[in-house]
Structure formats: structure tokens, C-alpha cells
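Asks: Take this structure, written in C-alpha cells, and hold onto it; I'll ask about it next.
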Amino acid sequence: MSREIFLSERFRTIVREYPKPVRSEIGQAINRLHAALGQPHQHAGLGIRKLVKNYFEMRVGLELRLVFRIEPATVTFTFAGTHDEVRRFLKGR
């Protein structure tokens, strides 16, 4: 089952602030996640971790985390930031 990928406006705004090479890494990570959805054995190398409720994070390099929400038919990327920034973001959830 393939889920549609959505990027929230907040996520887009945050990602636009990163340099082009980092934006490219973010795009590649999103594509890898999309390809691996529904194939649990491929998830292992993506650095995915459940956070709270239906929120998950995926590592991009050592510092950057992408936060996304999984729904039955969609995956919505909602936030990008460091570990500490993600923790602050989740406090509001």
C-alpha cells in the first residue's frame, strides 16, 4: 500500500532555510521513506523512531531530524530540526 506524501507549510518554510545540499539530502530521505513504506525490513536503515501517538522522526545526517505523522492513506512531514528543537515541537502536541 503506497501512501501519499505531504509536506506541511511549516515544514516547507523550515526546509527552505537550509542550504541546497541539505535540502537535497532531505528530499532523498523523503524518497527513501516513501519507497520503504509497507516494507518493514527496509525501515531499519532509515533511522525511523516512534515519538508520540502517530508521530515519528527520521534522521538526516547526525544533527537533523524530520518529524512526520502517519495516517491510513498519507504521511505528512510536519517539522524539521535538531534533537532539542524536535523535543520543543513535541511539547505542543
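The values are calculated or read from the model by the stated rules, or taken from the named source; none is laboratory data. Not measured: the values here are computed from a predicted model. Note: ideal-geometry Cβ built from the backbone for every residue, glycine included; neighbour counts use all protein chains shown. Areas reflect the complete protein model, heavy atoms only, side chains present, ligands, DNA and RNA absent. Shrake-Rupley method; radii C 1.70, N 1.55, O 1.52, S 1.80 Å.
Let's see how each residue does on (1) of a type in the set (A, V, I, L, M, F, W, C); (2) on the phi > 0 side of the Ramachandran plot:
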residue: Arg16; (1), (2): no, no
residue: Pro21; (1), (2): no, no
residue: Glu25; (1), (2): no, no
residue: Ala35; (1), (2): yes, no
residue: Gly38; (1), (2): no, yes
residue: Ile48; (1), (2): yes, no
residue: Arg59; (1), (2): no, no
residue: Phe68; (1), (2): yes, no
residue: Phe89; (1), (2): yes, no
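Asks: Need pairs with beta-carbon distance below 7 Å; first residue free of Cβ contacts under 8 Å to residues at least 24 places away in the same chain and assigned to a loop (DSSP other than H, G, I, E, B) and within segment 51-64, second open to solvent by 20 Å² or more (accessible area, probe 1.4 Å) and of a type in the set (Ser, Thr, Tyr); sequence gap 6+ or separate chains.
Replies: Glu63/Thr82
Asks: Looking only at segment 68-93, filter to residues that are free of Cβ contacts under 8 Å to residues at least 40 places away in the same chain and assigned to a strand (DSSP E or B); which one of those is nearest to the chain's Cα centre (by Cα)?
Replies: Step by step, filter segment 68-93, then rank; the result is Phe68.
Asks: Any residue at all in segment 8-22 that's open to solvent by 90 Å² or more (accessible area, probe 1.4 Å), under 21 Å from Gly92 (Cα atoms) and not basic (Lys, Arg)?
Replies: Checked segment 8-22: at least one residue is open to solvent by 90 Å² or more (accessible area, probe 1.4 Å), under 21 Å from Gly92 (Cα atoms) and not basic (Lys, Arg).
Asks: Could you check, for segment 24-47, whether at least one of its residues is in a strand (DSSP E or B) and either open to solvent by 30 Å² or more (accessible area, probe 1.4 Å) or aromatic (Phe, Trp, Tyr) (or both)?
Replies: No, because not a single residue in segment 24-47 is in a strand (DSSP E or B) and either open to solvent by 30 Å² or more (accessible area, probe 1.4 Å) or aromatic (Phe, Trp, Tyr) (or both).
Asks: Here is a list of conditions, (1) out of contact with any Ser or Thr (no Cβ under 6 Å at 6 or more places or on another chain); (2) modelled with pLDDT of 90 or more, and Glu4 meets all of them except one; can you say which number that is?
Replies: (1)
Asks: Please go through (1) open to solvent by less than 40 Å² (accessible area, probe 1.4 Å); (2) under 15 Å from Ile14 (Cβ atoms) for Glu85 and return the number of the only condition it doesn't satisfy.
Replies: Among (1) open to solvent by less than 40 Å² (accessible area, probe 1.4 Å); (2) under 15 Å from Ile14 (Cβ atoms), Glu85 violates only (1).
Asks: With the condition kept exactly as written, say whether any residue in segment 2-16 is touching a helix residue (DSSP H, G or I) at 6+ places or on another chain (Cβ under 9 Å) and free of Cβ contacts under 8 Å to residues at least 24 places away in the same chain.
Replies: Yes; the residues of segment 2-16 include at least one that is touching a helix residue (DSSP H, G or I) at 6+ places or on another chain (Cβ under 9 Å) and free of Cβ contacts under 8 Å to residues at least 24 places away in the same chain.
Asks: In addition: Please go through segment 49-69 and give me each residue that is surrounded by 15 or more Cβ atoms within 10 Å (Cβ to Cβ) and more than 15 Å from Ile26 (Cβ to Cβ), ordered by number.
Replies: Keep residues of segment 49-69 that are surrounded by 15 or more Cβ atoms within 10 Å (Cβ to Cβ), which gives 51, 55-60, 64-69.
Once the filter is applied, which keeps residues that are surrounded by 15 or more Cβ atoms within 10 Å (Cβ to Cβ) and more than 15 Å from Ile26 (Cβ to Cβ), segment 49-69 yields Leu51, Tyr55, Phe56, Arg69.
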